[in-house]
Amino acid sequence: MTSETSPRHILVVGCLIRNGEGELLLVRHHKRGWEIPQGRVEEGEDLLAALHREVLEEAGVRIVPGPLAGVWSKVSPPAALVLMFLGTHLSGEPTPSEETPEVGWFAAEDALRIVTHPVTRDRLVTLLASTGTTAYRTYTTGPYRLLTGGGL
């Protein structure tokens, strides 16, 4: 297989972060609205290094990553593989960025109310229901459609 025919996927990492009071950290993205901190892994970057970088860039906090809780495989263009972790707040106060003009801690019920984008809502619901196994979902967008779901 040549590089011209090799598969190309975007790799994304994200984290459902809880503070000591059990609140969830959310960021408001300009296009997608409220969501879990997440972002693309740069070429050659370690997954956990990317996770730490994205959370710090988007929310201004440091975290302790926990288990891999969900894998989403987007099969519609542009193809993407999304790895979502559970984590806990280590230090720092939520701070907006150019990419995320609002950040904050929310009770789970409030988070479920304000996260409305179908893709990010599915991720939030799935991660909140995590029982220690890794959830696996395959989906398409335009509109959002879940193709498969289960655990690994």
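Within the set 20, 60, 14, the sole residue that is out of contact with any His (no Cβ under 6 Å at 6 or more places or on another chain), over 16 Å from residue 123 (Cα atoms) and either touching a residue at least 60 places away in the same chain (Cβ under 8 Å) or loosely packed, with under 11 Cβ neighbours inside 10 Å (or both) turns out to be 20.
Within the range 79-130, the set of residues being polar (S, T, N, Q) and within 22 Å of residue 145 (Cα to Cα) comprises 116, 120, 126, 130. Applying the set (1) modelled with pLDDT under 95; (2) assigned to a strand (DSSP E or B) to residue 133 leaves exactly one unmet item: (2).
Answer yes if at least one residue in the range 22-30 is at pLDDT 95 or above and either under 18 Å from residue 137 (Cα atoms) or touching a Ser or Thr at 6+ places or on another chain (Cβ under 9 Å) (or both), and no otherwise. Break it down into steps so the answer makes sense when it comes.
At the first step, the residues of the range 22-30 found to be at pLDDT 95 or above are 22-28.
With the extra rule that they be either under 18 Å from residue 137 (Cα atoms) or touching a Ser or Thr at 6+ places or on another chain (Cβ under 9 Å) (or both), the set shrinks to 27-28.
Yes.
Evaluation of residue 121 against the conditions (1) free of Cβ contacts under 8 Å to residues at least 40 places away in the same chain; (2) surrounded by fewer than 15 Cβ atoms within 10 Å (Cβ to Cβ) shows that the sole unmet condition is (2). The set of residues in the range 101-118 being within 17 Å of residue 84 (Cβ to Cβ) and either free of Cβ contacts under 8 Å to residues at least 60 places away in the same chain or of a type in the set (Ser, Thr, Tyr) (or both) consists of 112, 118. Residue-level check: of (1) buried (at least 17 other Cβ atoms within 10 Å of the Cβ); (2) over 14 Å from the mean Cα position of the chain (by Cα); (3) among the small types (Gly, Ala, Ser); (4) more than 19 Å from residue 18 (Cβ to Cβ), residue 80 misses just (2).
Scanning the range 63-100 for residues that are in contact (Cβ under 8 Å) with a residue 12 or more places away in the chain and among the acidic types (Asp, Glu) yields 93, 99. Residues that are farther than 22 Å from residue 46 by Cα, in contact with a strand residue (DSSP E or B) (Cβ under 6 Å, 6 or more places away or on another chain) and either among the polar types (S, T, N, Q) or part of a strand (DSSP E or B) (or both) within the range 62-101 comprise 76, 100, listed in sequence order. For residue 33, the stated conditions hold: it is touching a residue at least 60 places away in the same chain (Cβ under 8 Å) and either more than 24 Å from residue 137 (Cβ to Cβ) or of a type outside the set (S, T, N, Q) (or both). Considering (1) under 27 Å from residue 145 (Cβ atoms); (2) modelled with pLDDT of 95 or more, the lone condition that residue 53 does not fulfil carries the number (1).
The values are calculated or read from the model by the stated rules, or taken from the named source; none is laboratory data. Because the structure is a prediction, the values reported are computed rather than measured. As a convention, Cβ positions derive from the backbone with ideal geometry for all residues, glycine included, and neighbour counts pool all protein chains shown.
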